[in-house]
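Scroll down for the structure; my scribbles are underneath it.
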Amino acid sequence: GVIEYCNKDWPVCWSNHYDSYAEAMSSVASAAMANDMDHYWPLLKTASEKVYTNPECTAIAGGGSQLSLESDQMFMMAVLDNVFGIKPYFGENRLVIRPAFPRSWRNPEIHLPDVSYQYFTGDNEIRLKVETPVARALQAEIPVRQEVKEVSVDGKKVDFTIRKEVNDCRIIVRT
């Protein structure tokens with residue numbers, strides 16, 4: 001069986017073999033969809049660090065390197081699909097990027113075989129640099145909390161739409 005140490009408020013040692021980890025990642029994914037990562041970043045950070053960087057935590061669940069496919073899929077869904085917001089529609093040759101980062105993250109970036117991107121926020125600008133190994137249509141859905149005067153792609157002004165969401169609005173840009 002699985003042994004997990006915990007107190008009434010917070011697990012002391014997380015395990016990716018235990019349902020609580022998958023449920024935590026599901027909560028993180030939901031928070032990202034609702035633009036509420038500021039409140040859920042501590043949960044993602046604590047749970048993931050314990051599972052993936054502390055051997056004694058995975059050992060409690062039955063072995064230092066054994067991974068649970070179900071829980072790891074929840075982690076990938078939470079982080080890739082929802083926090084980094086990578087939504088591939090490669091059958092349509094389209095890539096949607098809909099990030100939902102905690103405000104404390106400064107200039108996050110990700111590098112994967114099918115897409116890499118860098119996200120920069122400054123006082124009066126947001127920059128998204130996307131690279132793919134093949135040309136793809138891109139749809140960027142960028143969260144904003146202030147007025148947007150213009151959007152440009154490769155230095156050229158482009159049309160954009162605004163969608164109201166919980167806690168933010170999103171600027172939608174299609175290339």
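The values are calculated or read from the model by the stated rules, or taken from the named source; none is laboratory data. It should be emphasised that the depicted structure is a prediction, and the values quoted were computed from it without experimental measurement. Positions of Cβ are generated from backbone atoms using ideal geometry, with glycine treated the same way; all protein chains shown enter the neighbour counts. Just so you know, the surface numbers come from the protein's heavy atoms only, side chains and all, with ligands and any DNA or RNA stripped out. Shrake-Rupley method; radii C 1.70, N 1.55, O 1.52, S 1.80 Å.
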Per-region count, segment 22-49, residues over 15 Å from Met74 (Cβ atoms), open to solvent by 20 Å² or more (accessible area, probe 1.4 Å) and not hydroxyl-bearing (Ser, Thr, Tyr) = 8
inquiry  = Please go through (1) more than 12 Å from the chain's Cα centre (by Cα); (2) open to solvent by 60 Å² or more (accessible area, probe 1.4 Å); (3) modelled with pLDDT of 85 or more for Tyr18 and return the number of the only condition it doesn't satisfy.
reply    = (3)
Spans of strands (runs of 3 or more DSSP E) in segment 133-175 with at least 2 residues over 18 Å from the mean Cα position of the chain (by Cα) and of a type outside the set (Asp, Glu) = 151-153, 156-158, 161-164, 169-174
remark   = Checked segment 82-104 for anything in a loop (DSSP other than H, G, I, E, B), open to solvent by 50 Å² or more (accessible area, probe 1.4 Å) and in contact with a helix residue (DSSP H, G or I) (Cβ under 8 Å, 6 or more places away or on another chain); matches are Arg103, Ser104
key: Pick from segment 156-168, criterion at pLDDT 90 or above and not basic (Lys, Arg), ranking: least open to solvent (accessible area, probe 1.4 Å)   = Val158
note = Residues of segment 118-132 being assigned to a strand (DSSP E or B), open to solvent by less than 100 Å² (accessible area, probe 1.4 Å) and free of Cβ contacts under 8 Å to residues at least 12 places away in the same chain, in sequence order, are Gln118
Which numbered condition Glu70 misses (of (1) at pLDDT 50 or above; (2) at positive phi) = (2)
